[in-house]
Structure formats: C-alpha cells, structure tokens
Amino acid sequence: MASTMQNFIFGLAGGLGLFLFGFYLMGQGFQNIAGDKVRRFLERTSNPLVALGLGFLMTLTLQETGAATVLVIGLLGSRLIRLEQGICLLLGINLGATLLIHLTTFSLGNYALLAVGIGFLLYSFGKKRNTQYLGSITLGFGLVFIGLKTLTTAMQPLAETILRQGTLTRNPVYPLVGYFLGFLATALVQNNVATLGVLQAIIRQVALSGQESPFLHLPTVLPLLLGAGLGLSVTATIAAVKGNLQTKRAAWAHWLITGTTSLSLLFLLGPLARVVNWATLQLWRLIESGKEFILSVPAGSVPTGAPLLIKEIAIAHTLTNLLMVLIWLPLATPLSRFLTARITGVWRPQEEESVDREYLNERFYSTPGLALRVATKEIIRTGQIAIDMLYFAKVAFFKGQSSAIRDIEKKEDIVDELRNKITQYLTTLLSRGTLTVAESRYLAGLIHVINDVERIADHAEHVGEFAQAKLEEKLPFSQLAMDELGLLYDKVLAICKKALVALEEDDPVLAKQVMERETVIDKIQKEMRQNHINRLNQGRCWPGSGIIYLELIATLERVADHAANITEVVLVGKEELI
C-alpha cells in the first residue's frame, strides 16, 4: 500500500512537472521568436476584437494560462492598458487555452521521444538563435506528451479508487462536488490546462481497466472542467493582491465572467453534454484524413469510450469559452464602468504618489520586451518631473518666485530615487539572462537615458541656485539679456519635451529633429556669448550678472546635449530591434 502511494505521488509530481516544464520550454521559445512584437501588439488593444485576438496569441506565446493572466494583471497595474482592454485580453487568454487542450488530445505519444531528441540537438548545437529557439519549442513539445504518459501511468491507484467508489458520481450533489474539485485543482497548480491534462490521464487509466464507469461519460466530467475554468480566477486574485485598483477590478471581472458562465452551464449539464457530443461527432464526419491522428481511433470506425471523451473535453472547453466570449465581449465596456463605479479607493495627491514605481513590475521579467517597455514608461515619467523642475527654475529666475526653488528641491529627491529604482529594475532584468542581443543593447541604452534624465534634473537645480543668487544679491540684468535667455530657455524646454515624445513613440523622425534642434541651440548660445562680450565692451553689463548669464547659458546648453543623448537610444534601438 505504501509502495503504491509512493508511486502515485512520485508519478504525479514527475508527470505534472514534465508536462508543465514542457509548456514552459515551448513558451520560452515562442517568446524569444516573437521578441518585441508582443509589446508592440499589446499597444494596439483599443479594438475589443483585436484585444481578444491578442489575448489568444498571448496564451500561445506563453504556453500557460496562469502566466498570461498574471501578465495582463501586471499590464493593468502598470496602467499600460485600460480595464476594458484587460477584460478582452482575459477572454482571449481563456479562448487560447482551448488550443493547448486540443494539442494534448492528439495521438502523439509515439513521437514524443523523437521530438525530445530533435529538440535537444537543435537547442544544443544550433548556431543561429532562431534554431535554438525552435529546439526549445520542439523539446518542450516532446516533454508535454512524456509528462502526459507518466501521469496516465501514475493515475492507476486513483482510477481503481474511482471504480470502487462509483456511487459518488451518482449522488445528486456530485455536480457541485466535481465543480469544487476542478476549481481546487486549478487553484493549486494555477493552470487549468494542467488540471485537464491530469483529468485526461485519469480517464485513460480508468478506460484501461476495461470496466464500465460513470467517469467515462461526459456529464460526469463536465463539472470538473467547468470548475477548472473558475480556478484560474484565484491566479488573477493572487496577482492583484499587491496591485492597484485596476488590478483588483480585473480580478473581480474574472470571477464574475467565469463564475456566472460556468455556474449557469453547471445547471445545464444535460443539454451541454448533448451539444458537445453532437459537435464532436460532426467534427469526426467532416475530417477526411488524419482521423487516427486527431481522435486516436482507427480510420473507418466511430470514436467511443476514452478517445471520444477526451476529445469531447476539448470541444466542451472550446464551446464554453466561445459562449463566454459571445456574452461578455460586447459587455466589456459596461462591465468595466460598473466595476470602476463599485470598486473605489482613497485618492492620493500626485506628489505623494510620484516616488512610487508607477509602471515597474517584476511580473514582466518573464517577458523582456514588456519589461523594457514599462521601464521606458517610467523613464518618461521621470523625465516629465525633470522638465517640471526646469519650468519651476525658469519661474524662479525670470519672475523671482522663491517658492518655486523649494519645489525644485523636492522634485530633485524624487528624480534621484526613481533613477535608482529604474536602474535596479533594469540590472535585475539583465541578470536573468533572458534578453536577446538587441534587447541587451537597448537596455544598456535605457540606463544611459535615465542617467541623462537625472543630469537634466541636476541642471534644473543649478538654475534654481542661479535664481537664488539673483534674488539674494539683487543682480541687475538688461532687458535684452533677459529676452535672449528667455528665448534660449524656451527652446531647451521644447527640445526636452520632444526628446521624451520621441522616446515614448519610438519615433526616429522625431529623434532626428531633436538632434537638429540641438545643433541650432549650440549656434544660439555661441551668438549669445558674443553678444555678452559686446555688451561688456560697451559697459552695458554688470560683471556679477555676467557670470550668472554665462553659467546659465552653459547649463542650458548641457541640458540640450542630454536631451539629444536621450534620442540616441531611439535611433540605435530602432535599428537593432527591427
């Protein structure tokens, strides 16, 4: 008895581990091949149908529903997408899981070891990166089916228990019990594809016994399938615990959508089972070739027993999620408005929030393209604070408002802290070793960018010091000198704003315009220096004021240089990441 239990536990752990690790390897391969395309696609989620399709692709790319769900929660937490977009993505993720489940139903066990061998060779000896990524996908593909075979063997003790306790499935409360068991299993492994993989293994082992069992009939299995879908809401809830209000609303949306749909179908098991059975047999009749491959039964025969039931599980999952999409996709916007109105929090002033890592999220480490994007967003936010400092410094210098100087000092501390957090985020991402060569170079560029942003903030502080000296010493400036400084200052502010726009939109055209404007600023500051010398020779300039004048010109010229440096990552990054 102890030996049987040990074999069951070891087989379950090992089989499930191989199954999940196989999907993980496939996901890593797909992610590396997709590269930055995932991030670019996710920025185009304004259309509900497009967002649905992107959610579907996210599941195929990550090869794991739990990881895809956590990623969407992270996107909402970083405010890269709106709530209604997140709802559409979550619907697409659930729909994408159906393809993974269909994959596990195919009769590919005989080719699993061959796939592992080929995948290992491609991964280990491939000279090109894409060849290695293809090897990772092939290796993972083989491990998925080896894991399924291991699970099937390990399920023998559980199958015998099910056969002995056949009265449980005939109990009137069984649908609710089965629903809860499916929910609990997915909540534990946080992957409903894995739950249904284990379910398939149990069905195969029960069928091998040759005995009749209610467990070989669809109405008995459907509650487990429906509960497994709801279990993924636990993953969303865990991911949202430390998030903002948007993540909590998304978790509630997941519970509402999945819970209402699955519970409604739970009370319609009979009609649902008949529709699924009809759809499966219609699929069988439509397929002209590959029947043995798809339904695991000899050509020329009608599928029955375990092969039919396993395919019915996949069809049931597809129909359930299609129904969910048809009901909830049109309601995504009303639902988001409802949740926004019902789930509210305490508003905090922006100044209090600004030291927080608004966009950075460790969940994106597994998707480097998105991690780089949120780091860029946080750098842009820091750059906007630095531009605010330049504006306050201008007010202090030209209008003599000492209160603006205090604002500069507060924001300088914020910029320094954000610089440290962004740098730490990027270095941690780099240390994980999951970046492509192009992504690594882009990351290095972002580290230079945040340093440039921090230097702009330092220069704004220096301008504030000049304003303080001007106020305390009551230094006189001619109207002509003030006009020249005002013109230069406005051009520097404009070039800084354009540099951030170029970085945010990844626009090389804007980046080149920044470079051109920086050259113009260099010419202007040279002319201003010459004008200053002329005024000195004419005795029209106070020497103390002249020092501040020249220092301010030099400081603004350095700010323009840093703005131009920011756009270099756009020009180089664009070339590397295409």
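The values are calculated or read from the model by the stated rules, or taken from the named source; none is laboratory data. No experiment lies behind these values; they were computed from the predicted model shown. All Cβ positions, glycine included, derive from the backbone under ideal geometry; neighbour counts span all protein chains shown.
Does the range 446-457 contain any residue that is surrounded by fewer than 22 Cβ atoms within 10 Å (Cβ to Cβ), at pLDDT below 90 and part of a helix (DSSP H, G or I)? No, the range 446-457 contains no residue that is surrounded by fewer than 22 Cβ atoms within 10 Å (Cβ to Cβ), at pLDDT below 90 and part of a helix (DSSP H, G or I). Restricting attention to the range 363-383, the residues that are small (Gly, Ala, Ser) and more than 26 Å from GLU64 (Cα to Cα) total 1.
Taken together, LYS474, LYS498 contain a single residue that is at positive phi and not β-branched (Val, Ile, Thr), which is LYS474. Taken together, LYS394, LYS421, LYS410 contain a single residue that is in contact with a Phe, Trp or Tyr (Cβ under 8 Å, 6 or more places away or on another chain) and in a helix (DSSP H, G or I), which is LYS394. When SER478, SER440, SER403 are screened for being out of contact with any Asp or Glu (no Cβ under 9 Å at 6 or more places or on another chain), closer than 23 Å to LYS523 by Cα, outside the structural domain of GLN28 (by TED's automatic domain parsing) and polar (S, T, N, Q), only SER478 passes. In the set (1) within 21 Å of the chain's Cα centre (by Cα); (2) modelled with pLDDT under 80; (3) over 30 Å from SER403 (Cα atoms), GLY345 fails one condition alone, (1).
A quick yes/no check of all residues on (1) farther than 21 Å from LEU326 by Cα; (2) at pLDDT below 65:
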position: SER264; (1), (2): no, no
position: PRO271; (1), (2): no, no
position: ARG274; (1), (2): no, no
position: THR280; (1), (2): no, no
position: LEU286; (1), (2): yes, no
position: LEU295; (1), (2): yes, yes
position: PRO298; (1), (2): yes, yes
position: ALA306; (1), (2): yes, no
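Can you tell me which residue within the range 221-248, out of those that are in a helix (DSSP H, G or I) and out of contact with any helix residue (DSSP H, G or I) (no Cβ under 7 Å at 6 or more places or on another chain), is nearest to LEU308 (Cα to Cα)? Once the filter is applied, the top-ranked residue is ILE238.
Check ALA371, ALA404, ALA460 and return the single one that is touching a Leu at 6+ places or on another chain (Cβ under 8 Å), buried (at least 17 other Cβ atoms within 10 Å of the Cβ) and at pLDDT below 90.
On inspection, the qualifying residue turns out to be ALA371.
Against the numbered list (1) within 24 Å of GLY243 (Cα to Cα); (2) part of a helix (DSSP H, G or I), ILE81 comes up short only at (2).
Which members of the range 392-406 meet the condition of being of a type in the set (D, E, K, R) and closer than 19 Å to ARG455 by Cβ?
Across the range 392-406, the qualifying residue is only LYS394.
Candidates GLU312, GLU353: the one that is exposed (fewer than 15 other Cβ atoms within 10 Å of the Cβ), at pLDDT below 90 and among the acidic types (Asp, Glu) is GLU353.
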